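Participant: Before I ask anything, here is the structure I am working with.
The values are calculated or read from the model by the stated rules, or taken from the named source; none is laboratory data. Every value quoted in this text rests on a predicted model; they were computed, and no experiment measured them. Cβ placement follows ideal geometry from the backbone for every residue including glycine, while neighbour counts extend to all protein chains displayed. Protein only, heavy atoms only, side chains kept; ligands, DNA and RNA dropped before computing areas. Shrake-Rupley method; radii C 1.70, N 1.55, O 1.52, S 1.80 Å.
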Amino acid sequence: MANGSTLNPFEISQQQLDKSAEKLNLDPQVHALLREPMRVLEVHFPVRMDDGTTKAFTGFRVQYNDARGPTKGGLRFAPDETLDTVKALAAWMTWKCAVVDIPYGGGKGGVICNPKELSVAELERVARGYIRAVGRFIGPEKDIPAPDVYTTPQIMAWMMDEYSKLTGYNVPGVITGKPIPLGGSLGRGDATARGALYTILEAAKVLKLNLKGATVAVQGYGNAGYHAAKLMGELAGSKVVAVTDSRGGVYAPAGIDPEVALAHKEKTGSLSGLAGGKAITNQEILELEVDVLIPAAIENVITAKNAGSIKAKIIAEAANGPTTPEADEILYKNKKYLIPDFLCNSGGVTVSYFEWVQNVGGYYWSLEDVHARLKDKITRAFHDVQRMAEEHRVDNRTAAYMVSVQRVAEAMKLRGWV
Ligand code: GLU
């Protein structure tokens, strides 16, 4: 993990679950089942490299809990991928699908590799090799992967094709986040950021904060970060004043054009050196005097060390797992409005669900339909969590866990598992 953190994300996810279990007075049998993934798969598969040699790659797929439906969640291609990170992310997918009330359980996968060091042809062979290795364990009724860190619609296309070869017929519903011509959904591209934005609009209403002209800092400039920066201006009239990626970025009180920042990143590979403001690091951005902070990069960036220095009124976690449990307590004490990750970034999987519905139904929706249904789903989820937080006087993350855990526990009970 970047930032040299020693925190184990899976243990963090268990700590978060334990806290909500206590508040819910959760049946200990349910709690025990929810503390561990239902199924863990580790695979080693051969990939022919461009120089003619064969290299063994290691991949994972974790199916955390399928009480509410087939497991669902992304695949990461990362050099520092670990089973514990995938387990944590699979747990968070379980809570994410439950909080936004879509009929899925949670899963996650990954391959230990550095996509930046692979040729396009090698990347394709890694993607296909992974699907051959896990093919029997996934499927539109079983477990449905999607993009995540360093995986793209093109990779989803190769994977869908490989799976379809295994089955002998076209199976678009096995994976989401596909390119539009292969059954991808309109609106999937910016869905994570758009969903985050809809939750920020609701949080601002709770705080009576006027977002027009409000200042925004965005840490991380991948799919979620870039689109969040863009939509904060377009849909809320807010002003993005700082953007960074792992190599740094810029603070420009007069405002930053998200397109100019993207063009700079595409040209130079980073936001560092972006003109028009003061150079800042990926850590400094978190402590700026802004109204809204959007961590949209990786895990464990808001910790006990810097949480006390955060000045933003709203922290919208577009990334998965950006805040540690100690930091959560500090933010809550300091009355920061936190929109927890698996609520804030659930727009991605929500539109993935719409994609899957369109694939299995064979009927495709308009962009307006996708946006309206996403807004409806995530706004409802936001208020379910807000209500829980108010009723039980707990922080928003604990409240989100309580909503989700209750829903998963109910499904487990109805199935007769406990
Ligand atoms: N990887 C995304 C997430 O963490 C999307 C998952 C999906 O679409 O299934 O939510």
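Participant: Counting only residues that are more than 15 Å from the chain's Cα centre (by Cα) and touching a residue at least 40 places away in the same chain (Cβ under 8 Å), which one in the stretch 333-363 is nearest to Arg397 (Cα to Cα)?
Facilitator: Top of the filtered list is Leu338.
Participant: What are the residue pairs meeting all of these: first residue in the stretch 80-105, first residue over 20 Å from Asn300 (Cα atoms) and open to solvent by 10 Å² or more (accessible area, probe 1.4 Å), second residue at pLDDT 95 or above and within 11 Å of the ligand (Cβ to nearest atom), Cβ atoms under 9 Å, and 6 or more apart or on different chains?
Facilitator: Pro103/Pro70; Pro103/Cys97; Pro103/Tyr353
Participant: Taking the stretch 383-404 on its own, how many of its residues are in contact (Cβ under 8 Å) with a residue 60 or more places away in the chain, assigned to a helix (DSSP H, G or I) and charged (D, E, K, R)?
Facilitator: Number of matching residues: 2.
Participant: Does Lys116 satisfy the criteria of being in a helix (DSSP H, G or I), of a type outside the set (Ser, Thr, Tyr) and either within 16 Å of the ligand (Cβ to nearest atom) or over 21 Å from Tyr353 (Cβ atoms) (or both)?
Facilitator: Yes; evaluated as a whole, the condition is true for this residue.
Participant: What's the number of the only condition in (1) more than 15 Å from the ligand (Cβ to nearest atom); (2) over 20 Å from Glu42 (Cα atoms) that Ala133 fails to meet?
Facilitator: With respect to (1) more than 15 Å from the ligand (Cβ to nearest atom); (2) over 20 Å from Glu42 (Cα atoms), Ala133 is out only on (2).
Participant: Pick from the stretch 227-270 the residues that are touching a residue at least 12 places away in the same chain (Cβ under 8 Å) and of a type in the set (Ser, Thr, Tyr): which of them is most open to solvent (accessible area, probe 1.4 Å)?
Facilitator: Applying the filter and picking the extreme gives Ser246.
Participant: In addition: Could you say whether any residue in the stretch 119-132 is part of a loop (DSSP other than H, G, I, E, B) and either within 26 Å of Lys55 (Cβ to Cβ) or free of Cβ contacts under 8 Å to residues at least 40 places away in the same chain (or both)?
Facilitator: Yes, the stretch 119-132 contains at least one residue that is part of a loop (DSSP other than H, G, I, E, B) and either within 26 Å of Lys55 (Cβ to Cβ) or free of Cβ contacts under 8 Å to residues at least 40 places away in the same chain (or both).
Participant: Here's a follow-up. I'd like to check which helices (runs of 4 or more DSSP H) are fully inside the stretch 297-365 and have at least 2 residues that are surrounded by fewer than 17 Cβ atoms within 10 Å (Cβ to Cβ).
Facilitator: 325-333, 347-361
Participant: Would you pick out the residues in the stretch 38-73 that are within 16 Å of the ligand (Cβ to nearest atom), out of contact with any helix residue (DSSP H, G or I) (no Cβ under 6 Å at 6 or more places or on another chain) and open to solvent by 30 Å² or more (accessible area, probe 1.4 Å)?
Facilitator: Listed by number, the list holds a single entry, Asp66.
Participant: Out of all the residues in the stretch 138-146, is one or more outside any strand (DSSP E or B), within 16 Å of the ligand (Cβ to nearest atom) and more than 25 Å from Gly189 (Cβ to Cβ)?
Facilitator: yes
Participant: Looking at the structure I just gave you, is Val86 aliphatic (A, V, I, L, M), within 16 Å of the ligand (Cβ to nearest atom), over 13 Å from Val174 (Cβ atoms) and in a loop (DSSP other than H, G, I, E, B)?
Facilitator: Details: aliphatic (A, V, I, L, M): yes; within 16 Å of the ligand (Cβ to nearest atom): yes; over 13 Å from Val174 (Cβ atoms): yes; in a loop (DSSP other than H, G, I, E, B): no.
No: the conditions fail for Val86.
Participant: Here's something else I'd like to know. Is it the case that Leu182 is free of Cβ contacts under 8 Å to residues at least 60 places away in the same chain and not polar (S, T, N, Q)?
Facilitator: Taking the combined requirement at face value, the residue satisfies it.
Participant: Return yes when Val260 is among the β-branched types (Val, Ile, Thr), over 19 Å from the mean Cα position of the chain (by Cα) and more than 16 Å from the ligand (Cβ to nearest atom) and no when it is not.
Facilitator: yes
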